[in-house]
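Structure first, then comments.
The values are calculated or read from the model by the stated rules, or taken from the named source; none is laboratory data. Because the structure is a prediction, the values reported are computed rather than measured. Neighbour counts are summed over all protein chains in view; Cβ atoms, including those assigned to glycine, are modelled from backbone coordinates with ideal geometry. Protein only, heavy atoms only, side chains kept; ligands, DNA and RNA dropped before computing areas. Shrake-Rupley method; radii C 1.70, N 1.55, O 1.52, S 1.80 Å.
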Amino acid sequence: MIFSYSAHCIAGNHSLHNQDSCGVFHSVFQGKGLLFAVVCDGMGGMQAGETASSYILFGLRSWFYELLPCIRQQPLTIEAFQICFDTHLRSLAKGLYERNQKNRIQAGTTLTAILIWDHFYFIVNIGDSRIYCIGDEMNQLTQDQSFVAQECARYAMTKEEAKHHPKRNYLLQCLGLSSEPEAVYCTGKVEKNRIFLLCSDGLVHEIWDAEMGSVLSPY
């Protein structure tokens, strides 16, 4: 499988300081191309959010290059990926939480990541950053762990109301504020001519899904 990818991170239109971190890492696993992309949206104000997001990003980079190759299953399964990944993620979450407690700060971050290998993808998500798959249409592969997403699922709020609700940034899960956050895992098949978009809520709040899909569509 041939990959074409890019990553970009900016402060945005309403902030002077960028708290996000992102990265794309490429390698070969069991003779096949392997791609790992990560987006972390930091929170906690200025240096705190940036520290939290970069802490998780670099911790996952180490996992990708140092620990993932230890998996020997053929083929790679969601169970093998989840066990290997979740163990390291829990260690990172505990480490970030303990740093916060020691320094008496509240530095947190979302996490959304995708691993692509042998025409399959593996996704992990915590918080409200998102992953989309774009082909003939645009599909959201992750579900926000947020107050407004919960209310929309209960049909107590519309998507339009959620976009402007005062609690739209209230998260139900994140890394840093709990020693054991709940990650959601899923997997699927990578079809031909597909684009995967990873983004923080800053992009989602400014641009509608249809606009992103029309710009990024491979057709």
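Numbers for the structure displayed
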{"quantity": "P(r) histogram, all alpha-carbon pairs of region 136-204 included - 10 Å bins from 0, percent", "calculated": "16, 42, 33, 10, 0"}
{"quantity": "Calculated FRET value between Glu160 and Glu182, using beta carbons and R₀ = 30 Å, to 0.05", "calculated": "0.60"}
{"quantity": "Dipole magnitude (debye, nearest 20) for region 1-146, charges at Cβ of Lys, Arg, Asp, Glu", "calculated": "540 debye"}
{"quantity": "Value at 222 nm in deg cm²/dmol, rounded to 500, when DSSP H runs of n ≥ 4 in the chain each add -39,500 (n - 2.57)", "calculated": "-9500 deg cm²/dmol"}
{"quantity": "Cut-off of 10 Å, at most 11 other beta carbons, DSSP loop: longest stretch of the chain lacking such GluC sites (Glu not before Pro)", "calculated": "1-136"}
{"quantity": "Charge-dipole axis of the chain as Lys and Arg at +1 and Asp and Glu at -1 on Cβ define it, positive-most pick from Leu111, Thr142, Val28", "calculated": "Val28"}
{"quantity": "Accessible surface, region 1-108, averaged per residue in Å² (probe 1.4 Å)", "calculated": "59 Å²"}
{"quantity": "Relative contact order (%) - the chain, alpha-carbon pairs under 8 angstrom, separation at least six", "calculated": "21 percent"}
{"quantity": "For region 81-171, alpha-carbon Rg over 2.2 N^0.38 Å", "calculated": "1.32"}
{"quantity": "Carbon plus sulfur fraction of accessible area for the chain, probe 1.4 Å, in percent", "calculated": "51 percent"}
{"quantity": "Computed P(r) (all Cα pairs; region 59-128; 5 Å bins; percent)", "calculated": "3, 13, 24, 24, 15, 10, 6, 3, 1"}
{"quantity": "Dimensions (Å) - the chain, Cα atoms, principal axes, largest first", "calculated": "48, 46, 34"}
